[in-house]
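Every number in this text was worked out from the coordinates using simple rules, so none of it is lab data. These numbers come from a predicted model, not from an experiment. Here the Cβ is made from the backbone with ideal geometry for all residues, glycine too, and neighbour counts use every protein chain on show.
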Amino acid sequence: MDRQEKRLSELRKLRSDGFYVCSMIEARKILHDVPNDFSVLNTLGCVLANLERFDESKKVLNKAIEQAANQEQLHTAFTSLGVTCYLMGAYSEGEEWCKKAFDLSVKSLIDLAYYAECLIKKGHYSGVIQLLSKAVTETSTARFVVGRASAYYVLGRAYRAIERYDDATECFQYALSLDNEYEVASDALKDVLQIHEEIDEDEKAREIKRFRDDDFPACAMVLAREFLHDMPDNFFLLTTLGLALNNLERFDEAIEVIENAIQVANQDQMYRALEIMASIYHDKGAFNEAEDWYTKAFDLRTPHTIDLNYYSECLMKRSDFTGAIELLSKAENKKESEFYTLGRAYRAIEQYDDAAECFQKALSFDKEYESVDEALRDILKMQKSKKEP
């Protein structure tokens, strides 16, 4: 293996092991010598996306497209851009790039799953079903084995969103048969199975609270609708329904319901209604609108720390890392989630000492926080390599 091949091999391993800062630094070094290498450009673009530096990622990946020597490389770059756009919440743009890759060829179920994720965020549930329903049953080649559990989970969510609960149940069960530790698929399965359970009239008021608190969105939606028939202006029921629809990725319906909640909210309830509306726009990928709603909520009272964290996430999606740092640095009673977000913002602007300190504080609250542990190990490895001769 020559020196260049060895460097490329080491770069691929750094990325596959989740050392994104280290990968970025190594890719830059290689590109200093070979500035137009497609593989390195694509890798750099992907790790920049992993580091939430989305604007830079897109620029690098567009350069990779210019250097692509064949359709296979074009497919790779299109897919990378689709994933980057998905991660930054630009679902329409992500759909376009994923479709370009899809039109060239279908490499794996993982590629299709990201395409489907963009579609489901836009409410194109029938498109998801059409895209994945045949592909998940294709087992003749290895490319359709890896990622099957994820594909079944996405397909199940599409069926659940249009209230085809039997089909959703089947998909979630298939996902769990492939990965019995797939927690979100397990939770979704419990939700759709509960739909068929009879609930005593006397128990319904208690159960709707449980469904809301335990994140059973389909069950919460069904019961909330039933109660709202007789109590259409009940704030608790409206917000319960709005949250359930949001968790089912039926964002436009959720917005409409929360608009009604805002109309009936009293002074004490208004902050909660505005904060929920902001979170829906956040999950939909409409970050400017989410910021507007958070601002309205924060004008009413001192914001909850968790809401500041969500607001910071909106800022980071727009590459406003300094804004996120300013916002979260002032937040009181920060815990693991807030320190993790703050650390990611510092990491994005390459203030690695500050990032490491935040990740360490996050782990002091939750030693099992895997994403934080991986981010900290990445920075520590980078700092160690700098000290070595």
Problem - Calculated P(r) tail over 24 Å for segment 1-105, as whole % of Cα pairs - result: 19
Exercise for the section: Sticking with the crude label model, points 7 Å out along Cα→Cβ, report the distance from ILE349 to ASN180 in nm, one decimal please. Expected result: 4.8
Practice task
Round to a whole angstrom and tell me the spacing of the C-alpha centers of segment 217-249 and segment 152-211.
Solution key: 17
Fill in the blank from the handout: Taking the chain and counting helices only, DSSP H stretches of n ≥ 4 at -39,500 (n - 2.57) each over all residues, the nearest-500 ellipticity at 222 nm comes to -24000 deg cm²/dmol
Completion exercise
Cα gyration tensor of segment 1-62 diagonalised, 5x eigenvalues square-rooted, in angstrom largest first, produces semi-axes 18, 14, 8
Fill in the blank from the handout: So for R0 = 22 Å, FRET eff. of ASP33-ASP55 from the Cβ-Cβ r, to 0.05, ends up at 0.30
Exercise for the section: Evaluate the relative contact order of segment 1-105 (contact order divided by residue number), counting alpha-carbon pairs under 8 angstrom at least 6 apart; express in whole percent. Expected result: 19
Fill in the blank from the handout: For the chain, averaging the sequence separation of alpha carbon pairs under 8 Å that lie six or more residues apart and dividing by its residue count, the contact order in percent is 10
Fill in the blank from the handout: Length gained, GLU10-LYS367, 0.36 nm per residue minus C-alpha separation, equals 125.6 nm
Practice task
Pop a pseudo-label 7 angstrom from the Cα along the beta-carbon direction at both GLU72 and VAL264 and give the gap in nm to one decimal.
Solution key: 6.0
Handout entry: Per-residue Cβ neighbour rank within 10 angstrom, fewest leading, MET277, MET382, MET231
Key = MET231, MET382, MET277
Problem - ³J(HN,Hα), Karplus 6.51/-1.76/1.60, whole Hz, each residue of segment 373-380, x for Gly, Pro - result: 4, 5, 5, 5, 4, 4, 5, 5
Problem - Rotationally averaged projected area of segment 302-389 (alpha carbon convex hull; nm²) - result: 5.7
Practice task
Report Rg(Cα)/(2.2 N^0.38 Å) for the chain, keeping two decimals.
Solution key: 1.06
Problem - Derived scalar couplings ³J(HN,Hα) [segment 191-204; Karplus, 6.51 cos²θ - 1.76 cosθ + 1.60; whole Hz; x for Gly, Pro] - result: 4, 6, 5, 5, 3, 7, 7, 6, 10, 4, 4, 5, 9, 5
Exercise for the section: Find the relative contact order for segment 229-295 and round it to a whole percent, using C-alpha pairs within less than 8 Å whose residues are 6+ positions apart. Expected result: 27
Handout entry: Most mobile of THR76, THR169, THR295 in a GNM of the chain (Cα contacts under 10 Å)
Key = THR295
Exercise for the section: Would you tally the net charge around ALA324, using a Cβ to Cβ cut-off of less than 9 Å, leaving ALA324 out, and scoring K and R as +1, D and E as -1? Expected result: -2
Practice task
Just grab the label-to-label distance for LYS335 and HIS304, each label 7 Å out from Cα along the Cβ direction, in nm (one decimal).
Solution key: 1.1
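At R0 = 22 Å, how high is the FRET efficiency between ASP200 and ASN234 if r is their beta carbon distance? Nearest 0.05 is fine.
For ASP200 and ASN234, the calculated efficiency is 0.60.
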Problem - ³J(HN,Hα) computed for each position of segment 103-112 - Karplus, 6.51 cos²θ - 1.76 cosθ + 1.60, integer Hz, glycine/proline x - result: 5, 7, 5, 10, 8, 6, 5, 4, 4, 5
Practice task
Provide the convex hull volume over Cα atoms per residue for segment 197-387, in Å³.
Solution key: 139
Exercise for the section: Quick one: grab Rg to one decimal and Dmax as a whole number for segment 108-196, Cα atoms only, in Å. Expected result: 12.0, 37
Fill in the blank from the handout: Cα-Cα longer than 22 Å, checked against LYS59/LYS100; LYS334/LYS367; LYS209/LYS334; LYS284/LYS330; LYS13/LYS100; LYS317/LYS387, kept in input order, equals LYS209/LYS334; LYS284/LYS330; LYS13/LYS100; LYS317/LYS387
Exercise for the section: Scan the chain and report its longest stretch carrying no GluC sites (Glu not before Pro) that are both in a DSSP loop and have at most 11 other Cβ atoms within 10 Å. Expected result: 1-180
Practice task
Within the set of other residues whose C-beta is less than 9 Å from the C-beta of ALA348, count the net charge using Lys and Arg as +1 and Asp and Glu as -1.
Solution key: +1
